[in-house]
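Only one structure is covered here, and it is reproduced in the block below.
The values are calculated or read from the model by the stated rules, or taken from the named source; none is laboratory data. Predicted, not measured: the structure shown is a model, and the values here were computed from it. Cβ sites come from the backbone with ideal geometry, for glycine too, and all protein chains shown count toward neighbours. Heavy atoms of the whole protein, side chains included, go into the accessibility calculation; ligands, DNA and RNA do not. Shrake-Rupley method; radii C 1.70, N 1.55, O 1.52, S 1.80 Å.
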Amino acid sequence: KVSKLMERAVEAGVPYVGMVDSGGIKVHDMFGRTGFRPIVGGSGMAFTSGIFPGPPLASGSVPQVSLMLGPCYAGSAYSPTMADFVIMRKGTSYMSVASPPLLKAVTFADVTQEQIGGANLHATVTGIADFLMDTDDQAIETCRELLTYLPLNYREKAPVVDMGDDPKRREESLLAIDPAFRQAQGGGQPYDMHHVITAVMDKGRFLELQALFAKSMIIGFGRLDGHTVGVVANNPAENGGALDINTCDKMARFVRWCDAFNIPLVIFVDTIGFLSNAGAERSPDGLIRNATKPVFALAEATVPRVVMYSGQCFGTARLAMGSLRLGVDNVYAWPSARVARIAPEEAVESIYGEEIKAAPNPDEVRKERLQQLLKTHMQFPFHTVEQLMAEDIIDPRDTRSVLIRTLKLLEHKAPPARPWRKHSLIQR
């Protein structure tokens, strides 16, 4: 029944929602003649052996949501995990490859359901859970809200919802958030990018995904003049908006989903860059392997992509967050933007390193050379535009209207010519 419904969803071009509370497959059925029958529907799609091929075959065709309201172990957990979005309820939903009794029998280790597959674990550590809810009602309501942002299938666009918000509205509060303004007023504390996002989106509504996972990166859905947009943003309030293995994986998957379902991307950038160290580079996950994922996703995407620099971004972080050379459609900068191919401090060490080492007062020489470099070659924010890393410097208060105007111009953007292929490959 479940497999047939998945197939029908694809045939009809409508989202599929699975509400999961399962003890898994009955052991009796594993040996009987009726346990694993191929199911072939009118479209010829073979959902062989039940629920496992369904999500991969539907992926990129119709949105898929899993509502995890109870436990789900072993093979039965594979299908809901492969959905596009996973909503889990605290205290009752668990998801893992093996159940505690099975682990006890095999490894003799005593573990709890919460330790190996609890909702909090998947929301904070593994990143599988997009939403962490307290009750079934909250989970269902979140699912309903999520679906309002999504198209029915890959051939359509998301519904336009008029929120009654003026597309030309200027947001005065963004001046207080602008890092340059804050510095001039003596406020040097990092700002929370959530404030920028909610100030710009229609009626301040923003549905964040994976809010508790890799928190220096923000992803989610909002609306601009009624149109759904996918939002990607660094959060300077969390570790300087740093990029790492988890943030790159989080961003890349979201970018690819938005591209598959015709949702434009708005990217707010303010990051200290990659957190590279021996541990990250030597990790089994591999920083360099994951650092290329958002680059791959943004270069492959064909939907409108608009970047807004509100703060700093240097070196390879520019590629991960999107650049004109990577195929991004438009890039804007606030007056506070400090964007360059290399951080000024690194440039000084590279160019004047020997002079600084030999000087009797290295700190003073370093400071002097830095000021000289910033004045003559890297005068921000103009350097960013001179080097065509942004196309215009805008008043932060006009961020909303600039984004709406730009996305309207890109609404009927023709997809770029690409060589035919069966599909791209999952990144290493």
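Descriptive notes on the structure:
- Residue count, the range 274-305 (criterion: under 30 Å from Lys422 (Cβ atoms) and touching a residue at least 24 places away in the same chain (Cβ under 8 Å)): 20
- Test: residue in the range 276-296 that is outside any helix (DSSP H, G or I), of a type outside the set (Val, Ile, Thr) and closer than 22 Å to Ala390 by Cβ: no
- In the range 64-92, the residues that are part of a loop (DSSP other than H, G, I, E, B) and of a type outside the set (Ser, Thr, Tyr): Leu69, Gly70, Met82, Ala83, Asp84, Lys90, Gly91
- Look at the range 82-96: where a residue is closer than 23 Å to Gly60 by Cβ and touching a residue at least 40 places away in the same chain (Cβ under 8 Å) and a partner is open to solvent by 10 Å² or more (accessible area, probe 1.4 Å) and part of a loop (DSSP other than H, G, I, E, B), sitting 6+ places away or on another chain with Cβ atoms under 6 Å, you get Phe85/Asp130; Val86/Ile128; Val86/Asp130.
- Matching residues, the range 395-410, being among the hydrophobic types (A, V, I, L, M, F, W, C) and surrounded by fewer than 17 Cβ atoms within 10 Å (Cβ to Cβ): Leu409, Leu410
- Residues satisfying the stated conditions in the range 200-244, i.e. open to solvent by less than 30 Å² (accessible area, probe 1.4 Å), closer than 16 Å to Met321 by Cβ and not in a strand (DSSP E or B): Ala214, Ser216, Asn235, Pro236, Gly240, Gly241, Ala242
- Subset of the range 63-90 (residues that are under 17 Å from the mean Cα position of the chain (by Cα), at pLDDT below 95 and aromatic (Phe, Trp, Tyr)): none
- Residue match in the range 104-116 (condition: open to solvent by less than 20 Å² (accessible area, probe 1.4 Å), part of a loop (DSSP other than H, G, I, E, B) and at negative phi): no
- Whichever residue in the range 245-273 is surrounded by fewer than 22 Cβ atoms within 10 Å (Cβ to Cβ) and without any contact (Cβ under 8 Å) to a residue 60 or more places away in the chain and, among such residues, is farthest from Gly220 (Cα to Cα): Ile272
- Checking Gly41 against (1) at pLDDT below 70; (2) under 24 Å from Ala119 (Cα atoms); (3) surrounded by 14 or more Cβ atoms within 10 Å (Cβ to Cβ), the condition it does not meet: (2)
- Applying the criterion of being in contact with a Phe, Trp or Tyr (Cβ under 9 Å, 6 or more places away or on another chain) and surrounded by 15 or more Cβ atoms within 10 Å (Cβ to Cβ) to the residues of the range 176-194, the residue that is modelled with the lowest pLDDT is Arg182.
- Odd one out for Leu388 among (1) touching a helix residue (DSSP H, G or I) at 6+ places or on another chain (Cβ under 7 Å); (2) at negative phi; (3) surrounded by fewer than 19 Cβ atoms within 10 Å (Cβ to Cβ); (4) hydrophobic (A, V, I, L, M, F, W, C): (2)
- Pairs, first more than 30 Å from Leu287 (Cα to Cα) in the range 401-428, second among the charged types (D, E, K, R) and open to solvent by 100 Å² or more (accessible area, probe 1.4 Å), C-beta under 7 Å, six or more apart: Ser401/Lys168
- Cβ pairs under 8 Å, 6+ apart, first in the range 315-335 and within 16 Å of Phe380 (Cβ to Cβ) and touching a residue at least 40 places away in the same chain (Cβ under 8 Å), second open to solvent by 20 Å² or more (accessible area, probe 1.4 Å) and basic (Lys, Arg): Gly315/Arg341; Arg318/Arg341
- Apart from one condition, Gly75 fits all of (1) touching a helix residue (DSSP H, G or I) at 6+ places or on another chain (Cβ under 9 Å); (2) over 25 Å from Val14 (Cβ atoms); the exception is (1).
- Top-ranked residue of the range 295-346 - restricted to ones that are closer than 20 Å to Ala414 by Cα and of a type in the set (Lys, Arg), ranked as most open to solvent (accessible area, probe 1.4 Å): Arg325
- When the range 93-103 is filtered for residues that are part of a loop (DSSP other than H, G, I, E, B) and open to solvent by 60 Å² or more (accessible area, probe 1.4 Å), only Val97 remains.
- Any hit, the range 130-144, residues being under 30 Å from Ala301 (Cα atoms), open to solvent by less than 60 Å² (accessible area, probe 1.4 Å) and either without any contact (Cβ under 8 Å) to a residue 40 or more places away in the chain or assigned to a helix (DSSP H, G or I) (or both): yes
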